[in-house]
Amino acid sequence: MIKEKVSILFQPSGRRGEIESGKTVLAAAQELGVPIESLCGGKVSCGKCKVRIDLSPLEKGDWVELRLSSFSAEEERLIEEGERKAGFRLACAAQLYSDALVFVPEESRGVQQVIRKEAREIAIELNPAVKAFYAELPPPTLHEPTADFERLLRVLDQSFGLRNLTIDFQALRLLPHQLREADWKATAMVWMDREILDLQHGKVEDYYGAAVDIGTTTVAAYICNLRTGRVVSTGSMMNPQVAYGEDVMSRISYTMGNPGEGLKRLQEAIIQGLNGLIQNAAQAAGISLRQVLEMTVVGNTAMHHIFLGIDPHSLGVSPFPPAAHHSQNIKARDLGLKIHPAAYVHVLPIEAGFVGADNVGVLISETPYHKEEMALTIDIGTNGELVLGNRKKLLSSSCATGPALEGAHLRFGMRAAPGAIERVRIDPETLEVRYRVIGQDRWSDECIPEVIQARGICGSGIIEVVAEMFRAGVVEKSGRINGNLSTPRLRKIEKGYEFVIAWARETALGQDITVSTSDVRAVQLAKGALYSGAKIMMKQLGVNRLDKVVLAGGFGSYVDPERAMILGLFPDCDLKEVISVGNAAGDGARIALLNRNKREEADRVAREVEYIELTVYPDFTMEFAEAMAFPHMKDPFPHLEGILKK
Ligand code: FES
């Protein structure tokens, strides 16, 4: 007999609860708030969600199959035989029909990503959409009984030249009471010189807005004083939608696989997350949510659609048209956002199916369209977005960098979380490795092995590792690992070789952390996609050299420019001109919040940038194949002269 509900106990967290029989262990974990690594979003393809399942001892009997779904072919492929015998399953595949104890091993435990989205110091001309106007109104008399709203309009026209104003419906409801309570001295909060959002007691000096960057993996919010332009508080969090899929495509498929409900769940997740994030940030700054009178939002096209509750299906199928290109202004209350209920949310425009409002944010922050220099901007997120050009013309494109740079599909890949190896140096003579993990200030050779507790290699770490392996001669130009080297770090494995980065005693996993031939291959695919994308765009624009390379995005900021170029992530450029600009998409949201003219600029630029679809370019396959080599099969890298051996 199959039970309707089963009890599940997760260890070592000790979380327990009852779930519907037939659910997967991953779904149960999400329900009970147990973080399990699920880089492919439960698609049974990344192999990162391994757990050990013990069926309840009382129920162990002859019908084990009935109480746990049987092994799928994907599990057979992703779980080694020894692990299978020890009771390991993939949490996203194993369905439970009986009580169980689930042990989540260290490497499968979802860990908090380190979120690197600090606000940069940037000069922004102040001209916010919301402005405050203090007015003193003559109270009505028998001789002059004009209505409250018209009375207010008259004063705002006479004192500030504001004409044809409308008023938010809820603000109108409160108006009579507020005017009298304030003894006819109040501040009107006006949006775009068009609509009164609120009337507040007396003279209001400070009022605020929030700029939000919704990334596929991380979300950042900056609360700014709209009078001074200063950032008064910042906050960041993991995008709560991560539980439903790590990348854009897996989230789109989640909405497709769960019609109606899926989109609702994803939208609720981000709205609730944002409400909490902004509340905390506002609290930290000592302001109330009613003082937050506007929000600007950037995000890639899928995040944009899901945030607005727009079905993202069309983004998942060629020719990937978005629902709308233009920027949108929506009442916060219509989205369930708990800032001032009359506040507007301004969502920046999008360029194309895969080049979203986040890229427009980067554009208005970096303004390549005002400059003479030929600049390549690379926003390396879960997807790679590229913009090339100058004031004469701009091209944009996006390429699938694959999950390697996010730490997925690598044997020891992980997100940028404590314990992730992010900096690496390999001595070309001895082939000895030193590295640094997130959360530790010291390099591995400066501490005793047991305190390092390395857990894996993050995206910026894998770029360093492979670049260093190439520089030291461990990896050849073709991407092959040189099997003739004499070092205990090199081992022959079934498919090629592996090179040990961290010895077992230095790790929290109890096993060596290695980089294998297939890991190098995954990095080649990612860097090949970025490089060939840039090259095709250069050909398209008729340019053969770059004046500047701008690395944007939380991940881009942590990539070491020299190692990125050694690897051939982008074409040759003077290393002094390769710069990291941090979260430029978030800066763009801030700029649009503080200067409404920039919104028009964003709308204009989003339409002017020419989007090119790389995969339809006739030489795409050849360019891609050539770009797979380190740093490139043919292209010269004069700026690596002296850094790389001939
Ligand atoms: S294999 Fe289970 S989440 Fe990827």
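The values are calculated or read from the model by the stated rules, or taken from the named source; none is laboratory data. Note that the structure is a prediction, hence the values are computed from the model and not measured. With ideal geometry, Cβ positions are generated from the backbone for all residues, glycine too; neighbour counts draw on all protein chains shown. Heads up: the accessible areas ignore ligands, DNA and RNA and are worked out on the full protein's heavy atoms, side chains in. Shrake-Rupley method; radii C 1.70, N 1.55, O 1.52, S 1.80 Å.
Roughly what percent of Cα-Cα pairs across segment 528-646 reach past 18 Å?
61
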Per the Kirkwood treatment, what hydrodynamic radius in Å, one decimal, follows for segment 196-331 from the mean inverse distance over all distinct Cα pairs?
16.0
Pair-distance profile P(r), taking every C-alpha pair of the chain, with 20 angstrom steps and integer %:
18, 46, 28, 7, 1, 0
Can you list, bin by bin at 5 Å, the percent of alpha carbon pairs in segment 74-192, starting at 0?
2, 7, 12, 13, 8, 4, 4, 4, 4, 4, 6, 7, 8, 7, 5, 3, 1, 0, 0
Karplus (6.51, -1.76, 1.60) ³J(HN,Hα), θ = phi - 60°, over segment 414-420, in Hz, Gly and Pro reported as x
7, 6, 6, 9, x, x, 7
With +1 on the Cβ of every Lys and Arg and -1 on the Cβ of every Asp and Glu, and nothing else charged, how large is the dipole of segment 216-295 about its Cα centre, in debye rounded to the nearest 20?
300
Over the chain: helical MRE at 222 nm, DSSP H runs n ≥ 4 each giving -39500 (n - 2.57), nearest 500
-9000 deg cm²/dmol
Percent of alpha-carbon pairs separated by more than 25 Å within segment 302-409:
32
Whole-percent carbon and sulfur share, accessible surface of the chain, 1.4 Å
51
Extending each Cα 7 Å along its Cβ direction at Glu121 and Lys185, get the distance between those two points in nm, one decimal.
3.9
Enumerate the calculated ³J(HN,Hα) couplings along segment 202-215 in order (Karplus 6.51 cos²θ - 1.76 cosθ + 1.60, θ = phi - 60°), each rounded to whole Hz, writing x wherever the residue is Gly or Pro.
x, 8, 9, 8, 10, 8, 10, x, 10, 10, 10, 10, 9, x
Tilt of helix 169-181 relative to the longest C-alpha principal axis of the chain, in degrees (0 to 90, nearest 10)?
50
Would you give the gap between the C-alpha center of segment 571-646 and the C-alpha center of segment 275-296, rounded to a whole Å?
34
Computed Rg/Rh for segment 409-505 (Cα atoms; Rh = Kirkwood radius) stands at 0.95
Violations at 30 Å Cα threshold for listed pairs Lys85/Lys264; Lys3/Lys43; Lys5/Lys50 -> Lys85/Lys264
Report, to the nearest 10°, how far helix 517-541 tilts away from the longest principal axis of the Cα atoms in the chain, using its own Cα long axis and a range of 0 to 90°.
50
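Can you pull the Kirkwood radius for segment 588-646, inverse mean 1/r over Cα pairs, to one decimal in Å?
Evaluated on segment 588-646, it is 15.6 Å.
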For the chain, report the accessible area per residue in Å² (1.4 Å probe, heavy atoms, rounded to an integer).
41
Per the Cauchy relation, a quarter of the hull surface: what is the mean projected area of the convex hull of the alpha carbons in segment 348-455, in nm²?
10.0
What percentages, rounded to whole numbers, describe P(r) for segment 335-394 computed over all alpha carbon pairs with 10 Å bin width beginning at zero?
20, 41, 23, 13, 2
Cβ-Cβ cut-off under 10 Å around Ser38, Lys and Arg +1, Asp and Glu -1: the net charge is 0
How do 516-529, 626-639 rank on mean C-beta neighbours within 10 Å, highest first?
516-529, 626-639
Kindly express, to the nearest 10 degrees and within the range 0 to 90, the angle between helix 248-257's C-alpha long axis and the longest C-alpha principal axis of the chain.
80
Amide H proximity to Gly479 below 5 Å, modelled H, separation 5+ or other chain, gives Phe630
